[in-house]
Amino acid sequence: MARVALVTGGSRGIGAAISKALKGKGCTVAATYAGNDEAAAKFTEETGIKTYKWNAADYDASKAGIAQVEADLGPIDIVVANAGITRDAPFHKMTPEQWKEVIDTNLTGVFNTVHPIWPGMRERKFGRVVVISSINGQKGQFGQVNYAATKAGDLGIVKSLAQEGARFGITANAVCPGYIATEMVMAVPEKVRESIIAGIPAGRLGEPEEIARCVAFLVDDEAGFVNGSTISANGAQFFV
Ligand code: CAA
């Protein structure tokens, strides 16, 4: 039976590559997006993947959206919490708003996305949870106190969920992408970006598909003993 997969932030960047990879694996995929209607419509047109609009930072909206996805497609077997934002600034310039926005989306957003799906996974004795963390949750990053805090927190979430879900056939794992060729990385000032790339032994940015392949592995029915782990895909930029 085809698995049903939900990918937050699944119509652009790394999320779009994940949505496509899961469809390619035979899953029925729902991709969420927060605001860019045009990109979402184009994505659906190109891929046939259904998109749903809600803000992952909003618990009630997430719960209602997930109920709609399950009414349309069936119970969700696979959830990929990918939606994330940056509000980079050196700490002395970081505003409480920049802190809160990033926490609400990247950290609380994971709670909001997984929590409504979790009881059904427990009942059905199967689930695959993947959270897209970041190299910068592992090593920290100048200008990203807020983002690094959320991405490190995401690793704590999966390690805890893994322990709670294991006896119900649920796995929870993280992928830590390094610097990937997406709009998010392209928004970094060019000079800063060049110096970052110079520090990547692979000598290049990663491709979204290289992250999607990690997710496709983790969500496989046969990957049930891989639980609470972190896959780093960063071109040898950083080792845990
Ligand atoms: N290490 C040490 N010093 C650094 C530095 C670094 N990595 N980056 C900047 N600086 C220094 C500059 O040299 C400069 O020093 P001087 O004042 O002595 O000249 C100073 O910090 C810059 O300070 P400013 O007050 O001018 O900083 P700013 O307000 O312009 O903000 C910034 C700078 C927004 C943090 C900018 O450096 C930046 O965007 N950095 C990139 C942060 C980054 O890597 N973001 C990742 C985005 S992609 C992503 O998040 C995806 C993922 O998961 C990997």
By how many degrees, between 0 and 90 and to the nearest 10, does the Cα long axis of helix 145-165 differ from the longest principal axis of the chain?
30
For the chain, evaluate the Debye formula with one uniform point scatterer on each Cα (no solvent term) and list log10 I(q)/I(0) at q = 0.07, 0.10 Å⁻¹, rounded to two decimals.
-0.20, -0.42
Looking at the chain as a GNM with Cα springs under 10 Å, which of ALA216, ALA31, ALA39 has the largest mean-square fluctuation?
ALA39
Could you state the number of Å between the C-alpha centres of segment 55-116 and segment 19-45?
17
Test of understanding: in a Gaussian network model of the chain with alpha carbons linked when under 10 Å, which of GLU209, GLU123, GLU38 would top the mean-square fluctuation ranking?
GLU38
Straight-distance crosslink candidates among lysines, where the alpha carbon sits under 25 Å from LYS23 and sequence neighbours closer than 8 are dropped:
LYS42, LYS50, LYS53, LYS63, LYS125
Could you work out the helix-only [θ] at 222 nm for the chain, with each DSSP H run of four or more residues adding -39,500 (n - 2.57) and the total divided by the number of residues, to the nearest 500 deg cm²/dmol?
-13500 deg cm²/dmol
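Among the DSSP beta bridges whose two residues both lie in the chain, what percent are antiparallel, rounded to the nearest 5? Intermediate values should be presented prior to the final figure.
Details: 0 of 26 bridges.
The answer is about 0 percent antiparallel.
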Give me the angle, in degrees from 0 to 90, between the Cα long axis of helix 37-47 and the longest principal axis of the Cα atoms of the chain, rounded to the nearest 10.
60
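Computed from the coordinates by the stated procedures, all read-outs in this text should not be read as laboratory data. Values in this document were obtained by computation on a predicted structure and should not be read as measured data.
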